[in-house]
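The values are calculated or read from the model by the stated rules, or taken from the named source; none is laboratory data. Note that the structure is predicted; figures quoted are calculated from it, not measured. Neighbour counts are summed over all protein chains in view; Cβ atoms, including those assigned to glycine, are modelled from backbone coordinates with ideal geometry. Just so you know, the surface numbers come from the protein's heavy atoms only, side chains and all, with ligands and any DNA or RNA stripped out. Shrake-Rupley method; radii C 1.70, N 1.55, O 1.52, S 1.80 Å.
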Amino acid sequence: MLALFCGSVLAGFPWLVNAYWLYIGSLIFIQILIAMGMSVLMGYSGQISLGHAAFVAIGAYGTLLLRAEAGWPFLSALLVASLFGGLIGALVGRLGVRLKGPYLAVLTMAFGMACLTLLGRSDGLGQHAGLIAPPLKSIAFLPYSPTSFYLFLLFLVGLVYVWLSTILGGKIGRALKCIRDQEHLAESVGISPTYYKVLAFALSAFLAALAGGCWMQLLGLAHPDNFTFQHSVQFLAVVVLGGMGHIKGAVLGAALFTFIQVQLESQLFDGPSAYFGWIFSGGILILILSLEPGGLWGLWQKWNRPKPASRAL
């Protein structure tokens, strides 16, 4: 019932706010998609990625090129680019399946930096100028507008949330947690760590690419500056802020982090001092984690935990 109520409120949001807040809401939905994928990778399978911005870039540039060069509809281009991102994620995951901790982090960081270099030096990808997205006339059989795009993102986030909650609440989720906590024990009972680790990487990369295609359309362009190592660290921090291993925590972390960062950069720190917004965002992250290592979801559970009844004297 709570999810239905929240969905109804969010669906009515476009008729209550101006275009600026509609943009913020759309940006939050895109960050939630990335955070849910990172939660699968980090919270459930126990793997780490410092190059996830590369998968977002694959989705963004792939969707744009399919639309601009091949004339594909937005939804078809978005789906194919996202599947390609998931395939690349599976390949990276397979290469790093035997690596753990800092070794896997270095591998994914190197992959992200290689992709960023390719974006900045490839003539077909616009080099450092990026590429402008072609105008979008319709989306999901509706005329394109900021409102229709917002509602599309809301539907997409809801669909992905239900999908992930279903598969992570079943066999796949139990297998990933078992591998995360006791990999050797998982192998002894017939669970393949290789298969499930690669699957987690592929799912996470697919959702990152899906978010990248939507992000490109929201901004109207694909630019290398949107897919830097700094953004990969941000995606990781959002999951830690929300709470590792909880999809609801990923949603809370992405919503709060994106809102605070945008407000700090646009309202308090504009122009050359915009990077101070990152410093303040980091300070807020440290503050919340010092109060509760489980992040926002841990705080929520603590506040809603039934208090023991006091015995009468």
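Brief remarks on what is shown
- Over the chain: helical MRE at 222 nm, DSSP H runs n ≥ 4 each giving -39500 (n - 2.57), nearest 500: -22500 deg cm²/dmol
- Label-zone membership for the range 79-96, site THR117, 7 angstrom Cα→C-beta point, backbone N under 15 Å: none
- Overall, the accessible surface of the chain at a probe of 1.4 angstrom is composed of carbon and sulfur to the extent of 70 percent.
- At R0 = 22 Å, FRET efficiency that the Cβ-Cβ distance of THR147 and SER8 yields, to 0.05: 0.90
- Choice from TYR196, TYR20, TYR150 showing the highest fluctuation, given a GNM over the chain with Cα pairs closer than 10 Å: TYR20
- Solvent-accessible surface of the range 9-157, averaged per residue with a 1.4 angstrom probe and all protein chains in place: 46 square angstrom.
- Here the chain is described by how far its Cα atoms reach on the three principal axes: 72, 48, 41 Å, from widest to narrowest.
- Taken as entire DSSP H runs, the helices of the chain that both span 27 Å or more between Cα atoms along their own long axis and average 0.5 or more on the Kyte-Doolittle scale are 19-38, 74-95, 102-121, 146-168, 193-219.
- Inter-label distance for LEU99 and SER188, nm, one decimal - labels placed 7 Å from Cα along Cα-to-Cβ: 2.9
- Pairs of Lys residues in the chain that lie 8 or more places apart, or on two chains, and have C-alpha atoms under 22 angstrom apart add up to 8.
- Distance between the range 38-74 and the range 158-188 - C-alpha centres, whole angstrom: 22
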